[in-house]
Amino acid sequence: YIIGEGSYKSEIVDLSGKFQNIHYVPSILSFRNHVNSFDFLIVPSRFEGFGLVSAEASFAGVNVIISNNETLKETLPNNWPLVFDLNSEDSLLNLLNNISAKKYDFNSLRKNALDFVESNFTLKHMLNGYRVLYNQLIITN
């Protein structure tokens, strides 16, 4: 499934008409309710305010393939191997070929990503971060 709107929409719609294993969906409501049925999530963003979709996929145990966007990289462990270069047409294709050839331990990747988001993006962690920030502001003022 390819979900969302973007500059390649017409090409994707054409491909989905030619191949039975490619399905295009313009958008879905309640992404969180569907993500756990995905094998992978590809996030090809050039710009991202915060990679919420990447973090949600990691919480759901879905391996995330991201573009080399700094904000998306912040949502995954250091040296995450499933990263492609948006400026290289072959980069994503090579990564998908490596995935097809089973060159990655997906169970380990899922566990590492889940551990990372649980350590960095839970409500408790975020509230603690705000508390530390507020305390620093109070002390400096």
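Summary table
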{"read-out": "Lys pairs, the chain - Cα-Cα below 28 angstrom, 8 or more residues apart or on other chains", "value": "10"}
{"read-out": "Most fluctuating residue given options Ser108, Ser54, Ser100, as computed from a GNM of the chain linking Cα atoms under 10 Å", "value": "Ser100"}
{"read-out": "Where trypsin sites (Lys or Arg not before Pro) fall in DSSP loop in the range 72-141, at most 11 other Cβ within 10 Å", "value": "Lys102, Lys103"}
{"read-out": "Accessible area per residue, Å², the chain with all protein chains present, probe 1.4 Å", "value": "70"}
{"read-out": "Sequence-separation-based contact order of the chain, relative, with Cα cut under 8 Å and 6+ spacing, percent", "value": "18"}
{"read-out": "Estimated D of the range 6-50 in µm² per second, where Rh is the Kirkwood radius over Cα pairs and Stokes-Einstein applies at 20 °C, 1.002 mPa s", "value": "170"}
{"read-out": "Protein accessible area in the range 1-133, 1.4 Å probe - carbon and sulfur %", "value": "52"}
{"read-out": "Unit charges on C-beta of K, R, D, E only; dipole of the chain, Debye", "value": "380"}
{"read-out": "DSSP-loop chymotrypsin sites (Phe, Trp or Tyr not before Pro) across the range 100-136, with at most 15 other Cβ within 10 angstrom", "value": "Tyr104"}
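The values are calculated or read from the model by the stated rules, or taken from the named source; none is laboratory data. Fair warning: this is a prediction, and the values are worked out from it, not measured in the lab. Methodologically, a virtual Cβ is constructed for each residue, glycine included, from the backbone with ideal geometry; neighbour enumeration extends over all protein chains shown. Remember, those area values only see protein heavy atoms, side chains included, never the ligands or the DNA or RNA. Shrake-Rupley method; radii C 1.70, N 1.55, O 1.52, S 1.80 Å.
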